[in-house]
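Enquirer: Before anything else, here's the structure in question.
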Amino acid sequence: MKVLVVGGGGREHALAWKLAQSPKVQAVYVAPGNGGTVLDSRLENIAITDVKALREWATAEKIALTVVGPEQPLAAGIVDEFRAHGLRVFGPTKAAAQLESSKAFSKAFMKRHGIPTAEYESFTDAAAAHAYVDEKGAPIVVKADGLAAGKGVVVAMTLHEAHEAIEFMLAPNPEFNPLGVTHNEGGARVVIEEFLQGEEASFIVMCDGKNVAVMATSQDHKRLLDGDEGPNTGGMGAYSPAPVVTPEVHGRAMREIILPTIKGMEKDGIPFTGFLYAGLMIDAEGKPKTLEFNCRMGDPETQPIMMRLKTDLYDVMMAATSGTLDQIELEWDRRPALGVVMAAHGYPLNPRKGDAIRGLVKGTEMPEDAMVFHAGTRKEADGTVTSGGRVLCVTALGSTVKAAQQRAYEIAQGIAFDGAQYRKDIGWRAVKS
């Protein structure tokens, strides 16, 4: 069977790498892919990003399954386009993807269906937003309504930071957009919500419209610097499993968040298929609230999760696109996995491109317990160079989180490019506990 993975980041490299391990898969294409997928003889990059052109190519090539990685093509309706032409595709429709593409839609949905989340208000008028922040005080959270590659959330610890975020997100000049927000129809909008305290975790499931298969738990590290300092990023590293998701928290998340969301979407006439990612804030009493929904696997959570998955991902995807996920039981490597993101100079606001990367080896030459997944890389005649903000995710398995941490950092230290930056404390909560 031929499989297509849509996207070019670390998440897509990990999904393609895992799908290529299936004995039922003869070829895995990645559109557009990156400098790491081009190095893997089992993968082939396809330089197509337009949705219609990609659908035409998939039809001509008789692609048996398409897996959509990033949020942008989902929000653009790639699943609707593929399904309309009889192609099997895993992901949510454009309407269902609003759970991620519109924070206002997502928050209104949660409020309507009684799904625990932070109190909030949404604004298109900057003056009203500023007045609301002044009334509520800091800390407070300001979110862009549209997609922003994981950078459209500002956790403002001061009123100044909150007001600045509003100015960034509701700027009247469309050319002034430092966060790279893609505004939805109706123009710029912000959601301002209460600051929740606790520990974050990523709770990801696969959905076929009715049934769910729960992925291994994980925890992302959003802040740029050690000790959870610095600006928010798309994610500087992750590990799996997340000890904070105890069996009790797991049960509550399923009962109070995941299943009500699947049932609520079906009730609203928008059945959800694809990956559903609930970003949870878990308080001291073990009560989870929903920080956000994503309609795809997290990045960099995908990398350690795929390292631990033992079940054939192709079989799982076929069940998910056949409405039979209830017949699938996922099997996981008992060893924890941890991934360290190596980012470009200037990330997250002004990442530099074109720096030569030294110390890389082909993925097929990596040991069984480790893998370097590429994200912002490009293959050139004389080697691989940086081409984006998050460049690599160095991922390893270990008998404990600490062992996985040590293994990942050991490999990361052998890779270099000018201006490289990465946190030295990924997994610190789990190691500390």
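The values are calculated or read from the model by the stated rules, or taken from the named source; none is laboratory data. Nothing here was measured: the structure is a model prediction, and the numbers come from that model. As a convention, Cβ positions derive from the backbone with ideal geometry for all residues, glycine included, and neighbour counts pool all protein chains shown. Each accessible area value is taken on the protein alone, full model and side chains, heavy atoms only, with ligands, DNA and RNA left out. Shrake-Rupley method; radii C 1.70, N 1.55, O 1.52, S 1.80 Å.
Enquirer: At Ala131 and Leu159, where each label point lies 7 Å from the Cα along Cα→Cβ, what is the point-to-point distance in nanometres?
Expert: The modelled label-to-label distance comes out at 1.6 nm.
Enquirer: If you average the alpha carbon positions of region 1-61 and of region 105-157, how far apart do those two centres end up, in angstrom?
Expert: So the two Cα centres are separated by 36 Å.
Enquirer: Just reorder Thr233, Thr93 by solvent-accessible area, largest first, 1.4 Å probe, all chains present.
Expert: Putting Thr233, Thr93 in descending order of accessible area: Thr93, Thr233.
Enquirer: Turning to a different aspect of this structure: For the pairs Lys222/Lys267; Lys2/Lys107; Lys18/Lys62; Lys2/Lys103; Lys111/Lys310, flag any whose C-alpha to C-alpha distance is greater than 28 Å. All intermediate terms of the calculation are to be shown ahead of the outcome.
Expert: On the way: Lys222/Lys267 33 Å; Lys2/Lys107 38 Å; Lys18/Lys62 21 Å; Lys2/Lys103 35 Å; Lys111/Lys310 37 Å.
The answer is Lys222/Lys267; Lys2/Lys107; Lys2/Lys103; Lys111/Lys310.
Enquirer: Relative to the Cα centre, what is the charge dipole magnitude of the chain, using +1 at the beta carbon of each Lys and Arg, -1 at the beta carbon of each Asp and Glu, and rounding to the nearest 20 debye?
Expert: Dipole magnitude for the chain comes out near 900 debye.
Enquirer: Can you give the calculated 222 nm mean residue ellipticity of the chain, where each DSSP H run of n ≥ 4 adds -39,500 (n - 2.57) and the sum is split over every residue, rounded to the nearest 500 deg cm²/dmol?
Expert: Rounded to the nearest 500, the figure is -7500 deg cm²/dmol.
Enquirer: When the chain is fully extended, how far beyond the present Cα-Cα distance does Arg358 get from Lys210, taking 0.36 nm per residue of separation?
Expert: Residue separation times 0.36 nm, minus the Cα-Cα distance, leaves 48.6 nm.
Enquirer: Then there is this: In straight Cα distance, which aspartates and glutamates are under 14 Å from Lys210, not counting same-chain residues fewer than 8 positions off?
Expert: The reachable aspartates and glutamates, counting only those whose Cα sits under 14 Å from Lys210, are Glu266, Asp268, Asp326.
Enquirer: Which whole-angstrom value gives the distance between the alpha carbon centres of region 395-433 and region 339-371?
Expert: If you average the Cα positions of each part, the centres end up 13 Å apart.
Enquirer: Which of the GluC sites (Glu not before Pro) found in region 51-158 are in a DSSP loop and have at most 16 neighbouring Cβ atoms, other than their own, within 10 Å?
Expert: Passing sites in region 51-158 are Glu61, Glu119.
Enquirer: Which one of Tyr132, Ala84, His163 has its Cα pushed farthest toward the positive end of the charge dipole of region 68-168, where Lys and Arg give +1 and Asp and Glu give -1 at the Cβ?
Expert: Going by the Cα projections, it comes out as Ala84.
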